[in-house]
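Since the structure comes first, as structure tokens, the remarks are kept for the end.
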Amino acid sequence: MELRGERVILRSVDIDDVQTILMWENDPKLRAYSDPHPDYTEQQIVEFILAQQLGFEANGQLRLMIDLCGRAVGAVDIFDYDGSSADVGVLVYSEEDRRRGYATEALEAVKRYAPQLGIATLWATIDSENIASTALFRRCGFVKVDKNRYKYEQSCCSVNPFSRLR
């Protein structure tokens, strides 16, 4: 799957991305940008990549790499898909790339294509102390609904959610 922004492409991950994902997932500097979890092994990442190629039906999650002219600068996760809504998370690895607006562009692309994926409502869970993530999601039109949950609602989705995933 591929979604296009103005400067970046959001594309399905593939086996060539294993080392990049391992670096991101296991980098302590990025703990502030994602939920805490144990370090993933290369085999776990490979299994995830193989499963996610099947789309939401496989495991309720898609990971899309934020690709800038062949350079993966980050990733978008769309997860906990329940038929019309999903959570979304954005990770751009370097501070320099975050300043260039790649996270904003990636999130805007997800919002634009969400109806074609069968998603009417996007959710984000953000640590209230994470000022950068809070600003990103607010800038992209997400509204705070409680302490750390934000919501963005699309107009009604009429497209088969799996038609673009195969």
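Annotations for the structure displayed:
- Set S84, S34: member being hydroxyl-bearing (S, T, Y) and modelled with pLDDT of 85 or more: S84
- Within the range 83-128, the set of residues being among the polar types (S, T, N, Q) and more than 19 Å from Y150 (Cα to Cα) comprises S94, Q116.
- Residues (open to solvent by 60 Å² or more (accessible area, probe 1.4 Å), under 13 Å from W123 (Cβ atoms) and part of a loop (DSSP other than H, G, I, E, B)) located in the range 137-147: V145, D146
- Remark: S163 matches the filter, which requires a residue to be at pLDDT below 85 and either in contact with a strand residue (DSSP E or B) (Cβ under 6 Å, 6 or more places away or on another chain) or within 16 Å of E2 (Cα to Cα) (or both).
The values are calculated or read from the model by the stated rules, or taken from the named source; none is laboratory data. Values in this document were obtained by computation on a predicted structure and should not be read as measured data. Every residue, glycine as well, gets a Cβ built from its backbone with ideal geometry; the counts of neighbours run over all protein chains shown. Heavy atoms of the whole protein, side chains included, go into the accessibility calculation; ligands, DNA and RNA do not. Shrake-Rupley method; radii C 1.70, N 1.55, O 1.52, S 1.80 Å.
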